[in-house]
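The values are calculated or read from the model by the stated rules, or taken from the named source; none is laboratory data. Everything numeric here is computed off the predicted structure, so don't read it as measured data. In this analysis, Cβ positions are derived from the backbone assuming ideal geometry, glycine residues included, and neighbour counts consider all displayed protein chains. Only protein heavy atoms, including side chains, enter the accessible area calculation; ligands, DNA and RNA are left aside. Shrake-Rupley method; radii C 1.70, N 1.55, O 1.52, S 1.80 Å.
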Amino acid sequence: MAFVDDYPFEAKVVRRLLLFALSALAVGGAFGLIQTLHRTGFLRIMESSTYYTVLTVHGVLLVLVFTTFFILGLFTWAIAKDLDGLPSRRLTWGWVALVHVGTLLAAIPMFAGFVEFTDLSADVLFTFYAPMQAHSLFYIGAALLIVGTWVAGFDWIRTWLRWKNANPGDRVPLRTYMVLITMALWYIATLGVAVEVVFFLIPWSLGLIETVDPLLTRTLFWFFGHPVVYFWLMPAYLVWYTVFPKLADGRLLSDPLARLVFVLFLLSSIPVGIHHQYLDPGIAEGYKVVAMSNTMFVLLPSLITFFTVIASIEYGARRRGGTGVFGWLRNLPWDRPAFTGVAFAGLLFAAGGFSGMVNAGMNINYLVHNTAWVPGHFHLTVGTAVALTFMATTYYLLPQLTGKELRWRKLGVWQTALWFVGMVLFSNALHRQGLEGVPRRTAEPQYQGFDYDVATGSMAELDLQVAFGGVILTLSLLLFYAVVIRSLLGARTQIDSEVMPEPLSGAENAPKVLDDFRVWIGISILLILVAYTIPFVSIAADGLLEPGGPAYPMIAWYG
Ligand code: HAS
Ligand code: CU
């Protein structure tokens, strides 16, 4: 019996959410191609003035819509499987409707940017902070999307409480544990963006207030903007920890370590947002240093993951006859697309994590900030560790959700390999361009006269790698949809229910305190207060007390 037979209602909800997620991926991906070819100068099918509309649609659809909808689907699946279904259909359909309506509202001004005779527009990029302004519909839609995710979290928490009452004294099942910690992080992090949007950006875009303080709203945005990257990554880790070992016929090395990793994210990923603002004037250097040291802590859970996840699949490979220090790598199931997708995602994340460490150093950040290096970094992290894992997860979940077999599996393996190759070219070249000073978010970086085929002669070649990488990525996406659509067109068959193998060290070895969510949420809030109280108070004192904007020259100029 597959998941769809046991839980037809939940399977339908997950399918709805994944359909929306994968549609956003398709449109967002297509815009990515247009933009890569434009930026590198190989093919320009739009005016450069339209570049920001395209870039906004690309960024918002991929990092905000694709991720959020996929995560909502994945978490619904995880909770339903662990805790025996969701209790209230009305509540569940309520939040599903809310996130759809919010997203569609926000999409109206985003796409209206292409229409010349309207002043509806939202060319504000996925970081949407002031002083750039979108039509109020964009902010209202985004707010509804966030409220929808809050209700979803409430739905899952209620389901867990129901389960807890029925199973007193039992350890929280691992997937549920991961969902709950991720949602705790999400609730705290989204407070920043909620305050920014509700108290500043919406009234400002409606003309109710005349000015906003860019530094204050940026700081509120990044309070959310860093932890949001772990809101994307932790669901991918849920797959790496629970599904990936199974795909390799292995067993999770340690359930307690997995719990610890999630707790460490909750503690260390919020008080670091200022590492996106090392170059912002108006925040004292000392608080930038606090953010930098905290950022070094946030490496820890990923480094533990590096070790645990590889050990878990090595265990499987050795059971399949693998030997030697590296020889066991050959005994991994390289013919399973769900496996290869996660494996390639993990390999590239090691590189993306490294460029993250470079970003995090305050002094080196001055070199790479706002250059092509940064998109190089995040196409490895959210664009591969997360996106490729979600594609692999689609391969894994499709039979469970539809009762149909995954078809064209070999093509699926090629698809994941092409993503790897395309992304190596694309992101490596972007990193190198960044080091040479090529700016990010620029339609025609050539205008600055970088040494195109003079001196090192490297720039034209790097552009070629970026464009070629982008084309390979597009091809990979097309293959992904071919595999998914072919599988959906197949007939229904008997699919076995998935049973996860027991971890080598199980939940019984995890200290009980790890399951006491109140402790971790409390410490998390304490750390946030240490990192943020003084910066917020000083920004507010400078900005809010002086209507018309604060005293910093750059900001006054923007305002
Ligand atoms: Fe980042 C900018 C620092 C991780 C996303 N980041 C961004 C932006 C995005 C983003 C979108 O300190 C741009 C925002 C904008 O538009 O301005 N980032 C870090 C650090 C980490 C990090 C220290 N970032 C992520 C993740 C993201 C993400 C995850 C999305 C999901 N990032 C920064 C900084 C900036 C920044 C600055 C600002 C730059 C600026 O100036 O604007 C760390 O969390 C990274 C830790 C990761 C590791 C790697 C561990 C390796 C593993 C692989 C295991 C292997 C397997 C494979 C499973 C230490 C776990 C096995 C297979 C076999 C076959 C063996
Ligand atoms: Cu960050």
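Between residue 354 and residue 494, the contour length at 0.36 nm per residue exceeds the alpha carbon distance by 46.0 nm.
Residues 423, 292, ordered by accessible area of protein heavy atoms at a 1.4 angstrom probe radius and largest first, appear as 292, 423. Using C-alpha pairs below 8 Å separated by at least 6 residues, the relative contact order for segment 248-365 is 34 percent.
About the Cα centre of the chain, how large is the charge dipole given +1 on each Lys and Arg Cβ and -1 on each Asp and Glu Cβ? Please answer in debye to the nearest 20.
Values: 34 positive and 35 negative charges, 366 e Å.
Its charge dipole is roughly 1760 debye.
With N counted as the residues of the chain, its alpha-carbon radius of gyration over 2.2 N^0.38 Å works out to 0.95. The alpha-carbon positions of segment 205-343 define a convex hull whose volume is 144 Å³ per residue.
Most tightly packed first, judged by the mean number of other beta-carbon atoms within 10 Å of their residues, the peptides 322-330, 520-528, 471-479 read 471-479, 520-528, 322-330. Reported to the nearest whole Å, the Cα centre-to-centre distance from segment 1-70 to segment 405-450 is 17. Put +1 on the Cβ of every Lys and Arg and -1 on every Asp and Glu Cβ in segment 161-307; which of 185, 243, 224 then has its Cα farthest towards the positive end of the dipole? Positive-most Cα among the choices belongs to 243. What's the carbon and sulfur percent of the chain's accessible surface, probe 1.4 angstrom, rounded to a whole number? C and S atoms contribute 68 percent here.
A dipole drawn for segment 45-173 from +1 and -1 charges on Cβ atoms has a positive end, and of 129, 68, 111 the residue lying farthest that way is 68.
The string of couplings for segment 195-201 from the Karplus curve (6.51, -1.76, 1.60, θ = phi - 60°) is 4, 4, 6, 6, 8, 10, 5 Hz, one whole number per residue in order, with x for Gly and Pro. Relative to the current alpha-carbon distance between residue 195 and residue 49, full extension at 0.36 nm per residue lengthens the span by 49.4 nm.
Between segment 455-531 and segment 91-152, what is the C-alpha centre distance in whole Å? Answer, in whole Å: 25. Candidate cross-link partners of residue 512 among the lysines, defined by an alpha-carbon separation under 20 Å and a same-chain spacing of 8 or more, comprise 164.
Taking Cα pairs under 8 Å and at least six residues apart, what relative contact order does the chain come out at, in percent?
Working: 871 pairs, mean separation 103.2, N = 559.
It comes to 18 percent, rounded to a whole number.
A Cβ-based charge dipole, computed about the Cα centre of segment 255-354 with Lys and Arg at +1 and Asp and Glu at -1, lands at about 460 debye. Here segment 77-129 is treated with +1 on each Lys and Arg Cβ and -1 on each Asp and Glu Cβ, and its dipole about the Cα centre works out to around 360 debye. Between residue 505 and residue 166, the simple spin-label model (points 7 angstrom out along Cα→Cβ) gives 3.2 nm. Local charge for residue 46 was computed over the other residues whose Cβ lies under 15 Å away, with Lys and Arg +1 and Asp and Glu -1, and equals -2. Our coupling estimate for segment 103-114, obtained by passing each phi through the Karplus curve with A = 6.51, B = -1.76, C = 1.60 and θ = phi - 60°, is 5, 5, 4, 5, 6, 4, x, 4, 7, 5, x, 7 Hz, Gly and Pro reported as x. By the helix-only formula, in which each DSSP H run with n ≥ 4 contributes -39500 (n - 2.57) and the sum is divided by residues, the chain has a 222 nm mean residue ellipticity of -22000 deg cm²/dmol. Per residue, the convex hull spanned by the Cα atoms of segment 104-187 measures out at 101 cubic angstrom. Using the Cα centre of the chain as origin and beta-carbon charges of +1 (Lys, Arg) and -1 (Asp, Glu), tell me which of 483, 439, 466 is placed farthest towards the positive end of the dipole. The residue sitting farthest along the positive end of the dipole is 483.
Leaving out ligands and nucleic acids, and using a 1.4 Å probe, what accessible area per residue does the chain come to in Å²?
Numbers: 22320 Å² over 559 residues.
That works out to 40 Å² per residue.
In whole Hz, with x marking every Gly and Pro, tabulate ³J(HN,Hα) for segment 359-375 from phi via Karplus 6.51 cos²θ - 1.76 cosθ + 1.60, θ = phi - 60°. With the stated coefficients, segment 359-375 comes to 3, 6, x, 4, 6, 6, 4, 4, 6, 9, 4, 6, 10, 4, 3, 5, x Hz. Averaging 1/r over every pair of different alpha carbons in segment 228-268 and inverting the result gives a Kirkwood radius of 10.8 Å.
Starting from the alpha-carbon convex hull of segment 19-70, give the projected area averaged over all orientations, in nm². Please report the intermediate quantities before stating the final value.
Working: hull surface 12.8 nm².
In nm², the orientation-averaged hull projection of segment 19-70 is 3.2.
Label-to-label distance, residue 104 versus residue 206, with points set 7 angstrom from Cα along the beta-carbon direction: 2.2 nm.
How high is the FRET efficiency from residue 334 to residue 540, r the C-beta distance, R0 51 Å, rounded to 0.05?
Working: r = 55 Å, r/R0 = 1.08.
Given R0 = 51 Å and the Cβ-Cβ separation, E is 0.40.
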